[in-house]
1. Within the bounds of the stretch 90-104, is there any residue that is farther than 13 Å from Y150 by Cβ, open to solvent by less than 40 Å² (accessible area, probe 1.4 Å) and in contact (Cβ under 8 Å) with a residue 60 or more places away in the chain?
2. Residue pairs, Cβ under 6 Å, 6 or more apart or interchain, first in the stretch 132-148 and open to solvent by less than 10 Å² (accessible area, probe 1.4 Å), second part of a helix (DSSP H, G or I) and hydroxyl-bearing (S, T, Y). List them.
3. Can you tell which of G151, G93 is under 18 Å from L61 (Cα atoms) and over 16 Å from the mean Cα position of the chain (by Cα)?
Amino acid sequence: MYLGCDPGKKGSLAVIDQERFIIHHDPTPMLKLKKPDYDIVEMKLLLQTYQEYGVIDLCILEKAQAMPRQGVTSMFSIGKGYGIWLGLLTSLGIPFIEVHPRVWTRKLFIGVGGEGKDRNYNAARRLYPEWHPGYKYEREYADSLLLAEYGRLLWGKK
């Protein structure tokens, strides 16, 4: 079982095993609040559920990075989520690696057209044609699916 974690507030967690894939949409924010924040208890329960289900071979956590013209508040928020995921994975004993976006995209974007997030979506649909996001914003969840696939390709059975 491989997990792919896109740690942003609007990120997602994807799980792939030999039989299927699952994407947990927005597992992090507590949407009931006026200003959503990370629901650490729910994040932990989600990870523990997969530990109980079977052996987690590896979690691929996208390395947080500053982007050009990104505000301080935005970067702090991304860093906060990244740190929470690091702490949860470590405390639960789930093996993980941190991977820079340039590293995993180089491996998975060969021959894929498009720019930015459209390219990520195209790559995910090529690998998982049965994935049909219901809403346009759900296309951003492609990152977590691609991160999990990156882990499977490098450390799993091909």
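The values are calculated or read from the model by the stated rules, or taken from the named source; none is laboratory data. Nothing here was measured: the structure is a model prediction, and the numbers come from that model. A quick note on method: Cβ atoms are made from the backbone with ideal geometry, for glycine too, and the neighbour counts reach across all protein chains shown. For the accessible areas, the whole protein counts, side chains as well, though only heavy atoms, and no ligand, DNA or RNA atoms are used. Shrake-Rupley method; radii C 1.70, N 1.55, O 1.52, S 1.80 Å.
1. Looking for residues that are farther than 13 Å from Y150 by Cβ, open to solvent by less than 40 Å² (accessible area, probe 1.4 Å) and in contact (Cβ under 8 Å) with a residue 60 or more places away in the chain, one finds at least one in the stretch 90-104, hence yes.
2. Correct list of pairs: A142/Y121.
3. G93
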